[in-house]
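What follows is a set of notes on a single structure, which appears directly below.
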Amino acid sequence: MTFVITTPLYYVNDKPHLGSVYTTIICDSIARYKRLAGEDVIFITGVDEHGLKIQRTANEKGIEPKSHCDEISEVFNNNWKDWNISFDKFIRTSSKNHEFVVNEFYERVKASDDIYMGVQKGWYCVGCEEFKDNPENSSTYKCPIHQKNLEWKNEENLFFRLSKYQKEIERIINEPSFIEPIERKNEIINFVSRGLKDFSISRTNVKWGIPVPGYDNHTFYVWFDALLGYVSAISSDATEHSLEKSINGGWPADVHLIGKDILRFHAVYWPAMLISAKMKVPKKVFGHGFLTREGQKMGKSLGNVLDPDLLLTKYGNDPVRWYLIKDISLGNDGDFQDKRFVDIINNDLANTIGNLLNRTSSMSRKWFNNKVPNKEKIFNEKKLENFAKIAVENYIYNFDNYKLDLAANEVLSLAINTNLYLNDNQPWLLIKEKDNLPLVKEIIYNVLESTRIIGLLLIPLLPELSTKINDQLGSIYREEIPWKKQLIWGLLVSNSSLPKPTPIINKLEYEEHL
Ligand code: MSP
């Protein structure tokens, strides 16, 4: 089974910001989870390089758009490697392969009689690369996302007959799992109910774009071109008949994970374009919320932009991942708070999970000759086993339903309950009586077994920390066995060796100004 998941294709006007890191981390976690669950994953990310915004950014730097894009695309690609993102495809929309796909796709849409020449007049936000629907006082109105004035445009453009697809789009957006979360779905249903208008798909004032065949001074509108990047990514090594290769190579996408501001493009325009080209529509569009910082919108003018590079070098990958996945409910807006970040990491990762691993492996090494004790079943007390079983079930249910925060919380609550189990049973007191040895063995085995399951459940969420847990417990994860099968209680091998403990996570220090 192929599972295709995509991040948005990020504009290369600047290096990745916290918002793009957020989406990419969430996609990475889902991609890792699906791989472990046995699916054949194609995880697509990449960059959106054309359009007026990028053309202007390059002009301001006094360089050609192509060299600007080369430079920033490289930054994105390297950044995702630094964040340990397990992407399979990185698409650049300035690539030759992509141009082939766009042209082939355009021919199909034309063949459906969905393209005509018209005049486009309206107020345009260059930041969004989008015409805005007649905002009041448009000349002074600032786009709420980019805080910039709109620009008046009046030009001959080619149009796509979106209006023709009103009924089909209504049907698609009402399908139960097409748009998530539900609030976003309602926004789109409202928008579509007002009646779909045709939209322009070419520009005459933008040189930095893919030329429209047959129209000398027209380039494709950046969104028409960019959405197709998801398709061309699949056939990234092809040069011609690329569209066909993508269709056979895994299209349609199972999920486009995007921010809520670009939902219309993905849930309305994109399916209509695909239907017109006689292609399948994506199975799901998930619109996540926006991140703020200490309650405020992040912006250069506000001087409060949190540089993800800084977070990565200062705190490392896993702490940032944990905060973004566990503290923000996917679909809702989230707030990055420096103090809260440090507290959560120290509580959850250092004090709860790290400490659990350290103390249990130390006890076991000390009392049982550096080994896992024998799996005694004398008392056969199943409290922890039952906790673990429920945690695994809930985790899988939540992950399958894109509730990553709840999945992460299941792991944490298993760790909390395992610590409680230890504290309740106090094996450090029991060990003083020789007769208690079987009971101590059973307790320690149970605790180590629960820690093994915690380590396995953390693989998609925290790839680096979970590897350390795995190493610490003596390489318990076995690639040749399906991951879900390894989540069954009782598979920790009695008398296997436990390597020397090393701290798996350091406590963080809070600094007022990050
Ligand atoms: N190039 C288009 C996408 C084309 S997809 C075929 C684009 N790029 S973007 O770089 O401007 O935005 C990428 C993503 O970042 C969007 O999903 C947007 O919602 C998201 N975010 C921008 N600011 C954000 C936050 N403050 N918080 C979370 N995500 C945010 O749009």
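The values are calculated or read from the model by the stated rules, or taken from the named source; none is laboratory data. Computed from a prediction, not measured in an experiment: that's the story for all the values here. For neighbour counting, all protein chains shown are included, and Cβ atoms are generated from backbone atoms with ideal geometry for every residue, glycine included. We work out accessible area using only protein heavy atoms, side chains counted, and drop any ligands, DNA or RNA first. Shrake-Rupley method; radii C 1.70, N 1.55, O 1.52, S 1.80 Å.
How high is the relative contact order of the chain, given as a whole-number percent (alpha carbon pairs under 8 Å, six or more residues apart)?
Numbers: 838 pairs, mean separation 76.5, N = 514.
Answer for the chain is 15 percent.
Of all alpha-carbon pairs in segment 147-291, indicate the percentage at a distance above 27 angstrom. Walk me through the numbers on the way to the answer.
Details: 2724 of 10440 pairs.
Everything past 27 Å amounts to 26 percent.
In terms of Cα to Cα distance under 21 Å, which lysines are near enough to residue 507, apart from those fewer than 8 places away along the same chain?
314, 326, 339, 468
Given a 1.4 Å probe, how much area per residue of the chain is accessible, in Å²? It would help to have the intermediate numbers written out before the result.
On the way: 22100 Å² over 514 residues.
Result: 43 Å² of accessible area for each residue.
Could you bin all the Cα-Cα distances of segment 149-229 into 5 Å bins starting at 0 and give me the percent of pairs in each, rounded to whole numbers?
All Cα pairs, binned at 5 Å, distribute as 3, 13, 17, 17, 18, 13, 12, 6, 1 percent.
What per residue convex hull volume, in Å³, comes out for segment 2-289 when only alpha-carbon positions are used? Could the numbers behind the result be given before it?
Numbers: hull volume 37.3 nm³, N = 288.
About 129 Å³ per residue, rounded to a whole number.
Please work out whether segment 245-324 counts as rounded, prolate or oblate from its C-alpha gyration tensor, where a ≥ b ≥ c are the square roots of the eigenvalues and a/c under 1.5 means rounded, while otherwise a/b larger than b/c means prolate and anything else oblate? Present the calculation step by step, with values, prior to reporting the outcome.
Numbers: a/c = 3.38, a/b = 2.01, b/c = 1.68.
Note, shape of segment 245-324 comes out prolate.
Below 8 Å between Cα atoms, with a sequence gap of 6+, how large is the relative contact order for segment 320-453 in percent?
On the way: 120 pairs, mean separation 47.1, N = 134.
35 percent.
Please say if segment 276-367 is rounded, prolate or oblate, where rounded means a/c under 1.5 for a ≥ b ≥ c the square roots of the C-alpha gyration tensor eigenvalues, and otherwise the choice is prolate for a/b larger than b/c and oblate otherwise? List each step's numbers first, then the result.
Details: a/c = 2.96, a/b = 1.52, b/c = 1.95.
Oblate, since a/c reaches 1.5 and b/c is not below a/b.
Return an integer: the convex hull volume of the alpha-carbon atoms of segment 193-240, in Å³ per residue. Mind dumping the intermediate values first?
Numbers: hull volume 5.7 nm³, N = 48.
Output value, Cα hull per residue: 119 Å³.
Quick query: amide H of residue 330 versus all other amide H atoms, modeled in the peptide plane; which residues come in under 5 Å with a sequence gap of 5 or more or a different chain?
Those qualifying (amide H under 5 Å, at least 5 residues apart or on another chain) are 404, 405.
Would you calculate the volume per residue, in Å³, of the smallest convex hull containing every Cα atom of the chain? Don't skip to the answer; put the middle values down first.
Working: hull volume 78.4 nm³, N = 514.
Here the figure is 153 Å³ per residue.
Along the Cα-to-Cβ line of residue 75, 7 Å from the Cα, sits a label point; which residues in segment 300-335 have backbone N less than 12 Å from it?
Answer for segment 300-335: 308-309.
So if R0 is 30 Å, what FRET efficiency would residue 82 and residue 149 give, r being the distance between their Cβ atoms, rounded to the nearest 0.05?
Numbers: r = 36 Å, r/R0 = 1.20.
Result of the calculation: an efficiency of 0.25.
Pull up the cross-link candidates among the aspartates and glutamates for residue 300, meaning alpha carbon to alpha carbon under 13 Å and not fewer than 8 places away within one chain.
Result set, ordered by chain and number: 14.
Between residue 168 and residue 96, what is 0.36 nm times their sequence separation minus the Cα-Cα distance? Round to one decimal in nm.
Details: separation 72, 0.36 × 72 = 25.92 nm, distance 3.24 nm.
So the extension gain works out to 22.7 nm.
Report the gain in length on full extension from residue 339 to residue 386: 0.36 nm times residue separation, minus Cα-Cα distance, nm rounded to one decimal.
Numbers: separation 47, 0.36 × 47 = 16.92 nm, distance 3.49 nm.
So the extension gain works out to 13.4 nm.
Counting each pair of different Cα atoms once, what's the Kirkwood radius of segment 365-492 in Å, rounded to one decimal? Each step should come with its number before you reach the end.
Details: mean 1/r = 0.0655 Å⁻¹.
Radius from the Kirkwood sum: 15.3 Å.
Which aspartates and glutamates, on any chain, are close to residue 366 with Cα under 17 Å apart, when same-chain ones fewer than 8 places away are left out?
Straight-line reach from residue 366, under 17 Å: 433, 442.
Using a 10 Å cut-off on Cβ atoms, rank the peptides 233-241, 141-149, 355-363 from the highest mean neighbour count down. Walk me through the intermediate numbers first.
Details: 233-241: 18.1, 141-149: 14.0, 355-363: 20.1.
Per-residue Cβ counts within 10 Å, averaged per peptide and sorted highest first, yield 355-363, 233-241, 141-149.
Over the alpha-carbon set of segment 123-181, work out the extent along each principal axis and list the three values in angstrom, largest first.
39, 31, 19 Å, listed from the longest principal axis down.
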